[in-house]
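Engineer: Structure in structure tokens, see below.
The values are calculated or read from the model by the stated rules, or taken from the named source; none is laboratory data. What you see is a predicted model, and the numbers here were worked out from it, not measured in a lab. Glycine gets a Cβ as well: all are built from the backbone with ideal geometry, and neighbour counts include every protein chain shown. Keep in mind that these areas ignore ligands, DNA and RNA; they rest on the heavy atoms of the full protein, side chains included. Shrake-Rupley method; radii C 1.70, N 1.55, O 1.52, S 1.80 Å.
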Amino acid sequence: MPNLEVFFSRKGKSLPVSKNPADYKPGDIVSWRLPSGRPHIGIVVDKKGAGGRYKMVHNIGYGQALEDCLFEYTINGHYRYQK
């Protein structure tokens, strides 16, 4: 996962980390640090949760999950990648 953070910061656009859900758009990539310190990554999708925030697709070991979990972990990086 840390190698993906380097890739997205070099080949994509590194965006500020904020606590404002409106700053995170579908297609954005978010990297987190789990409470254990392990890195984790997810992609913002165009479906919204009950609170009106875009959901994330990620895989935390149980297969792909679509969840409203943007602020559930400590955000380490926020990236936008376009070909």
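Engineer: If you bin every alpha carbon distance in region 1-45 into 10 Å steps from zero, what whole percent lands in each bin?
Structural biologist: Over region 1-45, the share of Cα pairs per 10 Å bin runs 24, 56, 19 percent.
Engineer: In what sequence, largest accessible area first, do ASP46, ASP23 appear using a 1.4 Å probe?
Structural biologist: Descending accessible area places them as ASP46, ASP23.
Engineer: Right, here's the next one. Take a quick pass over the chain and tell me how many lysine pairs come in under 25 angstrom between Cα atoms, counting only ones 8 or more apart or on separate chains.
Structural biologist: Total qualifying Lys-Lys pairs in the chain comes to 19.
Engineer: For region 1-76, which chymotrypsin sites (Phe, Trp or Tyr not before Pro) are in a loop by DSSP, counting at most 16 other Cβ atoms within 10 Å?
Structural biologist: Passing sites in region 1-76 are TYR62, PHE71.
Engineer: Shifting gears a bit: Let me have the 222 nm mean residue ellipticity of the chain computed from DSSP H runs of 4+ only, each contributing -39500 (n - 2.57), with the sum over all residues rounded to the nearest 500.
Structural biologist: -3500 deg cm²/dmol
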